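Report on the following structure.
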Amino acid sequence: MSIECFMASEKPVPKPTVPGSPTEETPGVVVVDRQVAKVDPPRMYQVILLNDDYTPMEFVVMVLQEYFNRDLESATQIMLRIHHDGRGVCGVFSKDVAATKVELVLAAARRGGHPLQCIMETA
Ligand code: TYC
């Protein structure tokens, strides 16, 4: 085993190097590591509730609170917009999350015996 000793003033100070540039250990070697971003951002999907004449307003408000994290006031506003305009956006999500939300909402509507429809569309 060898023990290296340095006086405080003799401590080897590493030379700052530019990433990829030649060093004393690898003279003439240049590493090209610049990368061009080649992945598109993931597509996003709107989850939309459709109006109908039978689903109770309270049920729609509960769905918006439960599955879209809306507080009572915002859930009520969205529900009323759907009621008046025929449809409304509940949120925008990645594909898998949007698909799961649609399934959960449809399952809850079926369990409750309501005809509420929920769809997803590219944002
Ligand atoms: N139109 C329904 C009613 O008057 C309420 C409703 C709102 C239903 C939004 C569906 O996505 C909906 N009871």
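The values are calculated or read from the model by the stated rules, or taken from the named source; none is laboratory data. These figures come from a predicted structure and were not determined experimentally. Backbone-built Cβ (ideal geometry, glycine too); neighbour counts: all protein chains shown. Heavy atoms of the whole protein, side chains included, go into the accessibility calculation; ligands, DNA and RNA do not. Shrake-Rupley method; radii C 1.70, N 1.55, O 1.52, S 1.80 Å.
Within the range 48-58, is there a residue that is assigned to a loop (DSSP other than H, G, I, E, B) and among the aromatic types (F, W, Y)?
yes
Which one of these does F93 not meet: (1) in contact with a Lys or Arg (Cβ under 7 Å, 6 or more places away or on another chain); (2) within 25 Å of D40 (Cβ to Cβ); (3) in a helix (DSSP H, G or I)?
Exception for F93: condition (3).
Under 7 Å between Cβ atoms, at least 6 apart or on separate chains: pull out the pairs that start in the range 52-76 with a residue that is at pLDDT 95 or above and among the charged types (D, E, K, R) and end on any residue that is open to solvent by less than 70 Å² (accessible area, probe 1.4 Å) and assigned to a helix (DSSP H, G or I).
R70/L64; R70/I78
Of the numbered conditions (1) touching a residue at least 40 places away in the same chain (Cβ under 8 Å); (2) within 14 Å of the ligand (Cβ to nearest atom), K95 satisfies every one except a single condition; which is it?
K95 satisfies every listed condition except (2).
Where residues in the range 32-54 are of a type in the set (V, I, T) and exposed (fewer than 10 other Cβ atoms within 10 Å of the Cβ), which of them is nearest to M120 (Cα to Cα)?
Looking at residues that are of a type in the set (V, I, T) and exposed (fewer than 10 other Cβ atoms within 10 Å of the Cβ), I get V39.
Would you confirm whether or not the range 55-75 contains a residue that is open to solvent by 70 Å² or more (accessible area, probe 1.4 Å) and within 11 Å of the ligand (Cβ to nearest atom)?
Yes: the range 55-75 contains one or more residues that are open to solvent by 70 Å² or more (accessible area, probe 1.4 Å) and within 11 Å of the ligand (Cβ to nearest atom).
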